[in-house]
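Engineer: Let me begin by handing over the structure; questions about it come next.
The numbers here are math on the coordinates, done by the rules we state, and not lab data. Just so you know, these numbers come straight off a predicted model, no measurement behind them. With ideal geometry, Cβ positions are generated from the backbone for all residues, glycine too; neighbour counts draw on all protein chains shown.
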Amino acid sequence: MAGSKRTRAAKTKASKKHELLTTKQVVDAIMQVIEALPEQVKGLPPELRTRTHWQKALAPTNKRAEPVMDVLRELPAFTNHAPKKSTAAEWTKVFEKHMGLYQIAQTLREANHVATFKPVKRRIVSHWRDAFGPKEYVQRVRPQESFGYLPNPHRGTTTFQRFQGEDTYPSFITSDTYGPLTYPTDGSRANVKFVPRTTLTYCRWPWAWLEPEKGKFRWDIVDGTLAAARACGQTAQLRFQPYTIPIKYAERPTKAKRHPPEASVDLPDWYWDTGAPWITEGTYAKHEPDSNDPLYLKHFGDFIRAFAKRYDGHPDLESIDVSYAGFWGESGGNTTDETAQKLADIYLAHFKKTTLLSMLGTAGCVHAAKISNATGRPIGWRADCFGDLRQGNSPDVPARLSWNHTYDAYPKEISDNGLKDAWKTAPVTMETCGNVATWVMHGYDVDRIIEEGYCYHMSVFMPKNVFFPEKVLEKLLAFDLKIGYRFELRQALLPIQAKAGGKITVEFFTANVGVAPIYRPYKLALRFLQGKKARVVTFDQDIRTWLPGHNFFRETIAVPKDLERGDVKVAVGIVDETETPRVWFAIDEPLDAGWHPLTGMEVV
């Protein structure tokens, strides 16, 4: 039905267009009204009733007349409502039905006011205080908005199994298995045929790579990844996957003394020697592990606990996927709901600081959502196959009505998993179905995919580091700017004078023009700078409550008591616990050591 409505709307004929009036035609129409209805304009100054005045006021050489003419040349009274004869009776019919004839004088007076407006002559501003009169005591700051890329953390497009500036995959074929084992030390290079810059990377490896022997961990892989992310201006989203590919022992011999016959999956070899059982037929391969067995719960659980003990709260660790069973850790494998809960609980119990992302549509996700809703603990979610608009090829079902994730999985799972409002407190990450290149190859509607992404309140887009074809590149660059949070400072209201050690009340009007909030407990702060002496004052305002749309707050803060009499420069920033700016507003002015300069203030 939606498609048919769009088609009907597209075929609806537009209303008949009128030729735009010339300046002469507009002046002629004004004079016809004045001459036909003199009683209605007698209150106007005499010059406003003359052709000479209007010819001069609306002349093309008068720049202030341009926007006025933009309106008058299309004024209904002069175009589609205009009478065929210029008589008092006909012009009266034009105006009297709608509010009456008094609007004629108001129309002419307002058009003249704008066209002939002369701004007051202001003093030359060589110092910030010169902009305000001596009796003014408050100042408004309205920064110029920026529409460009902001290197803000915790949001945007990610690289995948690679880092900022590294090459994309040479083709559109990607690998979940091959997480990075070599690490760049400089992310200054722009990404090619991709989002030029990103503050996030996403990496994952099979369990067997990270724990090749029981209790002996390849922490060097994780350490190298986190260090490389930092060097490239990124934080890392990570997943450890139980297994990722089917294997045949004839082609890939195992060191295990006991193992399934002939074929299995790429679990750690030592795992089979623990006596762990397997199932004959798995979802994607023979002889997958029985993920409900106590040995699986113990050994994969031990790995989760060891990882959390070492890395929970690491500053370069963006998030951890609650990946507990099955291929790639995405579907929960053959776990029962009870086992899924137990495995998810290991993550929940041991990752106290790092953000957790549950896997949409799994029993573990349902359980995590219940915990989150009951306790208020923020837990995000992650979905694979974003952008799936596949069409089937069946004689029994119309191609465009085939099953796909976009219509059949995501809206249902978000509702059934209890995640409708989860985005308000924790991030949503979406991984592509295929990748952008395969979207284009299959003819998917990229505009629709982007629209759906906004509806999910995405913070993170993971397109698997495959190049963006030229025909969709600009759309995805715009998408990258809007997902997650994007803060604009519309206005700050500050006093012109303040007493050192005294209190001032400040008003902020901000707008989040992104589609999600920020989830980190950063603080909004003012920096007071005199010479080289800087003092930072943070606000109590919780910026995590800045949902998409307008946000206003008023707060009283203390002026640093050690400021000296005279000028102090005031700047705004969003800072971490060390009072270091971490997040930038969309302000089109140079930064000063990460701070946005606002104005000055007199310390008295």
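Engineer: Which entries in Lys370/Lys475; Lys309/Lys370; Lys424/Lys533 show an alpha-carbon gap greater than 27 Å? Each step should come with its number before you reach the end.
Structural biologist: On the way: Lys370/Lys475 36 Å; Lys309/Lys370 25 Å; Lys424/Lys533 38 Å.
Among Lys370/Lys475; Lys309/Lys370; Lys424/Lys533, the Cα-Cα distance tops 27 Å for Lys370/Lys475; Lys424/Lys533.
Engineer: Something else about it: Only helical DSSP H runs with n ≥ 4 go in: add -39500 (n - 2.57) per run for the chain, normalise by residue count and round the 222 nm mean residue ellipticity to 500 deg cm²/dmol. Display every interim value, and only then the final one.
Structural biologist: Values: 17 runs with 168 residues, N = 604.
Theoretical 222 nm ellipticity from helices: -8000 deg cm²/dmol.
Engineer: Turning to a different aspect of this structure: Determine the distance separating the Cα centre of region 343-385 from the Cα centre of region 229-267; give it in Å without decimals.
Structural biologist: The distance from the Cα centre of region 343-385 to that of region 229-267 comes to 24 Å.
Engineer: Before anything else, pin down the relative contact order of region 20-115: Cα pairs under 8 Å, at least 6 apart, normalised by residue count, whole percent.
Structural biologist: Details: 82 pairs, mean separation 34.7, N = 96.
Taking the mean separation of contacting Cα pairs over the length of region 20-115, I get 36 percent.
Engineer: Express in whole angstrom the spacing between the alpha-carbon centres of region 526-604 and region 72-104.
Structural biologist: About 54 Å separates the Cα centre of region 526-604 from the one of region 72-104.
Engineer: Let me ask something else. With a Förster radius of 51 Å, plug the Cβ-Cβ distance of Ala227 and Lys503 into 1/(1 + (r/R0)^6) and report the FRET value to the nearest 0.05.
Structural biologist: Numbers: r = 45 Å, r/R0 = 0.88.
Once rounded, the FRET efficiency stands at 0.70.
Engineer: Please compute the modelled spin-label separation between Asn62 and Lys298, points set 7 Å along Cα→Cβ, answer in nm with one decimal.
Structural biologist: Distance between label points: 9.2 nm.
Engineer: Here's a follow-up. Counting only DSSP beta bridges with both residues in the chain, tell me the antiparallel percent, nearest 5.
Structural biologist: If I count the DSSP bridges inside the chain, around 60 percent turn out antiparallel.
Engineer: What spacing in nm lies between the two simple spin-label points modelled at Asn373 and Ile245, each 7 Å away from Cα in the Cβ direction?
Structural biologist: 4.1 nm
Engineer: Next up: No partner Cβ under 4.7 angstrom, meaning no disulfide-compatible partner by this rule: which Cys of the chain qualify?
Structural biologist: Here Cys203, Cys232, Cys365, Cys455 come out as lacking a disulfide-compatible partner, given the Cβ-Cβ threshold of under 4.7 Å.
Engineer: I've got another one for you. Listed highest first by mean packing, meaning other Cβ atoms within 10 Å per residue, what order do 53-64, 512-523 come in? Please report the intermediate quantities before stating the final value.
Structural biologist: On the way: 53-64: 15.2, 512-523: 20.7.
Packing proxy ranking, top to bottom: 512-523, 53-64.
Engineer: If you take every residue apart from Thr425 with its C-beta less than 14 Å away from the C-beta of Thr425, what net charge results, scoring Lys and Arg +1 and Asp and Glu -1? Present the calculation step by step, with values, prior to reporting the outcome.
Structural biologist: Numbers: positive: Arg377, Lys420, Lys424, Arg520, Arg544; negative: Asp421, Asp542.
Around Thr425, the surrounding residues sum to +3.
Engineer: May I ask which of Lys352/Lys482; Lys352/Lys412; Lys286/Lys420; Lys353/Lys561; Lys193/Lys412; Lys135/Lys532 have a Cα-Cα span longer than 32 Å here? Intermediate values should be presented prior to the final figure.
Structural biologist: Numbers: Lys352/Lys482 29 Å; Lys352/Lys412 29 Å; Lys286/Lys420 37 Å; Lys353/Lys561 35 Å; Lys193/Lys412 34 Å; Lys135/Lys532 30 Å.
Long pairs (Cα-Cα over 32 Å): Lys286/Lys420; Lys353/Lys561; Lys193/Lys412.
Engineer: Further question: Considering only DSSP beta bridges whose two residues both sit in region 201-305, what percent are antiparallel, to the nearest 5?
Structural biologist: On the way: 6 of 12 bridges.
In region 201-305, DSSP labels about 50 percent of beta bridges as antiparallel.
Engineer: Related question: On a 0 to 90° scale, report how tilted helix 103-115 is relative to the longest principal axis of the chain, with both axes built from alpha carbons and the result rounded to the nearest 10.
Structural biologist: Approximately 70 degrees, to the nearest 10.
Engineer: Mean separation of Cα pairs under 8 Å and 6+ residues apart, divided by the residue count of the chain: what relative contact order is that in percent?
Structural biologist: Working: 1157 pairs, mean separation 72.1, N = 604.
Once normalised by length, the contact order is 12 percent.
Engineer: Zone of Arg490 (label point 7 Å along Cα→Cβ, backbone N under 20 Å): which residues in region 564-602?
Structural biologist: 572-574, 584-589, 598
Engineer: Sort region 90-227 into rounded, prolate or oblate with this rule: let a ≥ b ≥ c be the square roots of the eigenvalues of the Cα gyration tensor; rounded if a/c is under 1.5, and if a/c is not under 1.5, prolate when a/b is larger than b/c, oblate otherwise.
Structural biologist: On the way: a/c = 4.41, a/b = 2.46, b/c = 1.80.
The shape class here is prolate.
Engineer: Throw me the Rg/Rh for region 20-115, computed over C-alpha atoms with Kirkwood Rh, two decimals. List each step's numbers first, then the result.
Structural biologist: Working: Rg = 12.5 Å, Rh = 13.4 Å.
My calculation puts Rg/Rh at 0.93.
Engineer: Using 0.36 nm per residue, how much length does the chain from Leu44 to Asp416 gain when fully extended, once their Cα-Cα distance is taken away? Don't skip to the end; give the middle numbers.
Structural biologist: Details: separation 372, 0.36 × 372 = 133.92 nm, distance 6.74 nm.
Extra length available between Leu44 and Asp416 comes to 127.2 nm.
Engineer: Can you give the angle from 0 to 90° between the axis of helix 446-455 and the longest principal axis of the chain, with both taken from C-alpha atoms, to the nearest 10?
Structural biologist: Roughly 90 degrees, rounded to the nearest 10.
Engineer: Less than 14 Å Cβ to Cβ from Asn292, Lys/Arg counted +1 and Asp/Glu -1: what total charge do the surrounding residues give? Don't skip to the answer; put the middle values down first.
Structural biologist: Working: positive: Lys298, Lys342; negative: Glu288, Asp290, Asp293, Asp337, Glu338.
Counting the neighbours of Asn292, the net charge comes to -3.
Engineer: Starting from the Cα of Thr23, move 7 Å in the Cα-to-Cβ direction to define the label point; list residues of region 106-148 whose amide nitrogen is under 15 Å from there.
Structural biologist: Within reach of a label on Thr23, which here means backbone N under 15 Å from a point 7 Å along Cα→Cβ, region 106-148 contributes 115-116.
Engineer: Give me the extension gain from Tyr137 to Gln391: residue separation times 0.36 nm, minus the current Cα-Cα distance, reported in nm with one decimal.
Structural biologist: Values: separation 254, 0.36 × 254 = 91.44 nm, distance 6.46 nm.
The span from Tyr137 to Gln391 would gain 85.0 nm if fully extended.
Engineer: Tell me the Rg and the Dmax, in Å, that the Cα atoms of the chain produce.
Structural biologist: So, for the chain, Rg and Dmax equal 32.3, 108 Å respectively.
Engineer: Moving to a separate point now. Sorted by average packing, counted as other Cβ atoms within 10 angstrom per residue and highest first, what order do 71-81, 428-438, 387-397, 594-604 take? Provide the component values of the computation, followed by the final result.
Structural biologist: Working: 71-81: 16.2, 428-438: 22.7, 387-397: 13.9, 594-604: 18.5.
Put in order of decreasing packing, that is 428-438, 594-604, 71-81, 387-397.
Engineer: Going out from 0 in 5 Å bins, what whole percent of all Cα-Cα distances in region 190-233 drops into each bin?
Structural biologist: 5, 18, 22, 18, 14, 11, 7, 3, 1
Engineer: If each of Asp167 and Met99 carries a label point 7 Å out from its Cα toward its Cβ, how far apart are those two points in nm?
Structural biologist: 6.6 nm
Engineer: How many lysine pairs are close in region 20-115, with Cα atoms under 25 Å apart and the two 8 or more places apart or on different chains?
Structural biologist: 15
Engineer: Please find the FRET efficiency linking Arg544 to Lys257, where r is the Cβ-Cβ separation and R0 is fixed at 51 Å, and quote it to the nearest 0.05. It would help to have the intermediate numbers written out before the result.
Structural biologist: Details: r = 53 Å, r/R0 = 1.03.
The calculated FRET efficiency here is 0.45.
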